[in-house]
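Data first, discussion second: the structure below is written as structure tokens.
The values are calculated or read from the model by the stated rules, or taken from the named source; none is laboratory data. Here the structure is a predicted model, which is why all the values come from computation and not from measurement. Note that each Cβ is placed from the backbone with ideal geometry, even for glycine, and that neighbours are counted across all protein chains shown. Accessible surface areas use protein heavy atoms only, side chains included; no ligands, DNA or RNA. Shrake-Rupley method; radii C 1.70, N 1.55, O 1.52, S 1.80 Å.
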Amino acid sequence: MRQTSTANPRTEVADQAADHRPPSRRPAGAPIEFRHVSHNFIHGRRAVLVLEDFNLDIGASEFVSIVGPSGCGKTTALSMAGGLERPRAGTVALDGEPVSGTSDDVAFMFARDALLTWRRVRRNVELGLEVRHVPAAERKRRADEWLRRVRLEEFADSDVLHLSQGMRQRVAIARTLVQSPRVVLMDEPFAALDAQTRANQQQEFIRLWEAERPTVVFVTHDLEEAILLSDRVVLMAARPGRIVADIRIDLERPRTQEMRTSSPEFAEYLETLSARLREEVAAAEERRRADEEASA
């Protein structure tokens with residue numbers, strides 16, 4: 001005997017459609033947590049303490065700059081967030097999970113563009129996607145889209161050696177962001193540029209960040225750069241590094257280079273951070289002299 005279904009056809013169609021829905025997109029950025037991190041390196045016959053009880057919370061999609069005297073552990077902390085270095089003590093977590101190695105969710109950008117000179121511009125942008133085994137057609141599509149977004153589409157087939165330093169850095173930005181990272185770790189990425197090119201690249205990157213909103217941890221020695229770009233500026237003490245100030249930058253976005261000279265609030269942030277940094281630089285110099293006397 002033939003049985004009659006009691007299911008609602010509309011419900012069945014809806015259930016079938018649900019099976020093919022794309023997964024909901026994760027938040028653009030991922031939170032990062034440093035908990036009681038301490039770390040040392042062996043220098044000669046002694047251990048040098050670089051970080052001591054370092055604690056920092058960075059929210060998803062925040063742009064946080066880290067400043068401090070040379071040698072205070074800024075780059076070490078950045079390397080730990082990216083899984084390149086493991087702390088001797090304490091924990092580092094990305095999106096609630098302990099960092100135990102590198103991740104596809106994390107991208108790095110350094111002072112030098114590190115472009116491969118034997119690859120054309122597009123092929124440089126495709127590099128990270130190639131490592132992840134993204135199909136060639138999709139790599140090309142995504143690379144071309146990002147070259148358009150950094151205004152270099154007409155140079156896709158150019159030799160990177162023929163590009164200006166500013167153009168090379170824009171290729172590096174495209175190579176970083178084409179991977180859709182949830183976290184971007186940046187170690188003085190604009191330090192090698194002349195003043196005008198640097199200002200242009202700062203403006204270009206902040207435009208792209210505001211559209212994509214990954215979490216950014218940005219190491220710099222330039223306080224004005226940190227204030228212009230960041231949601232927060234974190235100041236580290238002279239070695240051993242720890243947080244001595246965490247200042248929220250309540251300047252309206254989008255921000256412009258003109259704020260450096262026209263905004264009283266910008267000037268106030270700069271004065272506050274400069275005074276604190278001078279104190280830490282002086283402390284670093286005292287420590288350096290003490291180390292020299294101890295090793296004499």
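Some notes on this structure:
Residue by residue, here is whether (1) out of contact with any helix residue (DSSP H, G or I) (no Cβ under 6 Å at 6 or more places or on another chain); (2) under 13 Å from residue 273 (Cα atoms); (3) open to solvent by 50 Å² or more (accessible area, probe 1.4 Å) holds:
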position: 194; (1), (2), (3): yes, no, yes
position: 197; (1), (2), (3): no, no, no
position: 207; (1), (2), (3): yes, no, yes
position: 212; (1), (2), (3): yes, no, yes
position: 248; (1), (2), (3): yes, yes, yes
position: 252; (1), (2), (3): yes, no, yes
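- Segment 85-97 residues that are on the phi > 0 side of the Ramachandran plot, paired with ones that are open to solvent by 50 Å² or more (accessible area, probe 1.4 Å) (beta carbon under 6 Å, 6 or more apart): 90/35; 90/36
- Within the set 267, 284, the sole residue that is closer than 30 Å to residue 44 by Cα and in a helix (DSSP H, G or I) turns out to be 284.
- Taken residue by residue, segment 256-266 has at least one member that is of a type outside the set (Lys, Arg), more than 25 Å from residue 52 (Cα to Cα) and open to solvent by less than 30 Å² (accessible area, probe 1.4 Å).
- Some residue of segment 131-139 being touching a Pro at 6+ places or on another chain (Cβ under 8 Å) and not in a strand (DSSP E or B): no
- Flag set for residue 208, criterion: under 30 Å from residue 104 (Cβ atoms) and either assigned to a helix (DSSP H, G or I) or at pLDDT below 95 (or both).
- Filtered residue count, segment 181-192, keeping only those that are out of contact with any helix residue (DSSP H, G or I) (no Cβ under 6 Å at 6 or more places or on another chain), within 20 Å of residue 147 (Cα to Cα) and at pLDDT below 95: 1
- Scanning segment 216-244 for residues being outside any loop (DSSP other than H, G, I, E, B), open to solvent by 10 Å² or more (accessible area, probe 1.4 Å) and farther than 27 Å from residue 197 by Cα gives a total of 2.
- Applying a threshold of 7 Å to beta carbon distances and a minimum spacing of six or more residues, or different chains, the list of pairs starting in segment 277-296 at a residue that is closer than 16 Å to residue 243 by Cβ and ending at one that is surrounded by 15 or more Cβ atoms within 10 Å (Cβ to Cβ) and small (Gly, Ala, Ser) reads 280/68; 280/237; 280/238; 283/238; 284/71; 284/238.
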